[in-house]
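A short write-up of the structure that comes next.
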Amino acid sequence: MHPKMRGAGWTLMGLASLAILAGCGSGGSQTASSSFNGTVTIGYENAPDPESVAIAKKYFQKELKLPVRMEYFQSGPSALTALASGKLDFMTTLGNPPTAAAIARGVPLTVIWAMERYTTGEGLVVKRSSGIHSLKQLEGKTVALVKGSTSPFELETALKLHHLSVNGVTELNMSPTEMVSAWKTNQIQAAYVWVPFDTEMAQDGGTMLMYDQNVYQEAPIFNLAVVNSNWAKAHPTQVEDFVRAEADGVKFFQQNPAQAYQAMAQVNGISAAAAKAQTEGFSFSTLSSQVTPNWLGSGSGVAHSLVTKSLTSAANWLKASGQISTVPSNMAQYVDPSYAAAVLRSAKK
C-alpha cells in the first residue's frame, strides 16, 4: 500500500452527491454535552505518519474511553460522503483540495488537526533522456498524473508561477501503478505523483524536476483531520480527546522512532524501512505547533494561517478548473484550533 491518493478520483458527480447529503447529517439539533456513551467512528486513509502510530497503539480508544470504530477508506470522496450523511464522526488524512471542495458543497465539517504537510513526498519526475530540464521545456509535452488529486493542482500552480501556459502541457490521467508500467516501456517521459512511485521512476532513469515544497507558499498540501461540525458542537470534550490521541501519536513518534516505523508499517502494510523513507517527504506537526501560523493558527491569525491559505488556494483552483461553482468567502470559519489549544493548556497544568 502507499500513502493515500489525497482526493484522486474526485469528480463533479461525487461533489453533487455531497451537495445532496450536506443537509442530512445527524446531530444538528443536539446541544453541547461532555457525556457521550455511543461508538465513535473515525475514518482514515493510508499514510506513514504519527496517526498510524495512534491507530496501532489504540490511543483513540485510550483517550476517548469509548468504543471506537476505525473505518478505512481508499479515497476522500467516499469518506466525505459518509461524513456528510452523519455516518462518520471524524475523517483523517484528507488532502486540502477535496476538503475545500466539500466545504464549497456545504458538507458540515471543521478542520481540527493538521497532520502533516507534503515537502518531498510528491513531485515531478522526468526521464533523463527526455531533454526536459526545466518547467519551460514541458511546453508541448505530456505529463502523466492522477486527475482529481493534488498533482494537477501543484503542477498547474508551478506553471503559472513561471508564467507558462497550463494549456501548453497535456495532462494524461493514469493511476500511479500504470505510470510506473508506462515509464518502464517508455510510453511516458514525465509524471507528477507521490512516493513511492516517483522514487521508483527516479531510480529507473529519471530525475526529480520539482517537489510540492517548491510551491508550498502558493499551494501548500496538507493531510487534514476533520470532524462533522454538528457532532463537534454536541460533543466538544470528545473532540478534545481525539486531538489528544493525535498528539499522543506524534509524541511516541518523536520519542521512539524505530518502534513508530514498525507501527506505521503494521497499519499501512509496508516495511518499516519503507515507512521511514516515506516519512522523509512530510513535515509533521506537534500539539504546540497546531496553533502557530504555519499550521492552524490561533485567534484572528487563523484567517492568515497556512492551512486556511491551503484551503483557499485549493478552492480557487477547483473553481478555475470547473469543479466547484463558487469559492467560500471565509475559509477561516472552517478551521478551528480551539480544541488543540484546550488540550495544550491542559498539558501544561
So which of Q290, Q262 ends up being under 23 Å from A54 (Cβ atoms), over 19 Å from the mean Cα position of the chain (by Cα) and not acidic (D, E)? Q262
Does at least one position in the stretch 70-77 carry a residue that is free of Cβ contacts under 8 Å to residues at least 60 places away in the same chain, touching a helix residue (DSSP H, G or I) at 6+ places or on another chain (Cβ under 9 Å), over 12 Å from V226 (Cα atoms) and aromatic (F, W, Y)? yes
When you go through S151, S129 one by one, which is the residue that is within 22 Å of the chain's Cα centre (by Cα), part of a helix (DSSP H, G or I) and not assigned by TED's automatic domain parsing to the domain that holds V302? S151
If we keep only residues of the stretch 40-75 that are at pLDDT 95 or above and part of a loop (DSSP other than H, G, I, E, B), then the residue farthest from R105 (Cα to Cα) is K57
Quick one: R244 ticks every box in (1) modelled with pLDDT under 95; (2) assigned to a helix (DSSP H, G or I); (3) farther than 17 Å from N46 by Cβ bar one, so which box is it? (1)
When you scan the stretch 140-169, how many residues do you find that are under 23 Å from G205 (Cα atoms) and exposed (fewer than 14 other Cβ atoms within 10 Å of the Cβ)? 1
Report, by residue number, each residue of the stretch 306-349 that is of a type in the set (S, T, Y), within 20 Å of the chain's Cα centre (by Cα) and part of a helix (DSSP H, G or I). T308, S310, T312, S313, Y334, Y339
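The values are calculated or read from the model by the stated rules, or taken from the named source; none is laboratory data. Please read these numbers as outputs of a predicted model, since none were measured by experiment. FYI the Cβ positions are ideal-geometry reconstructions off the backbone, even for glycines, and counts take in every protein chain you see.
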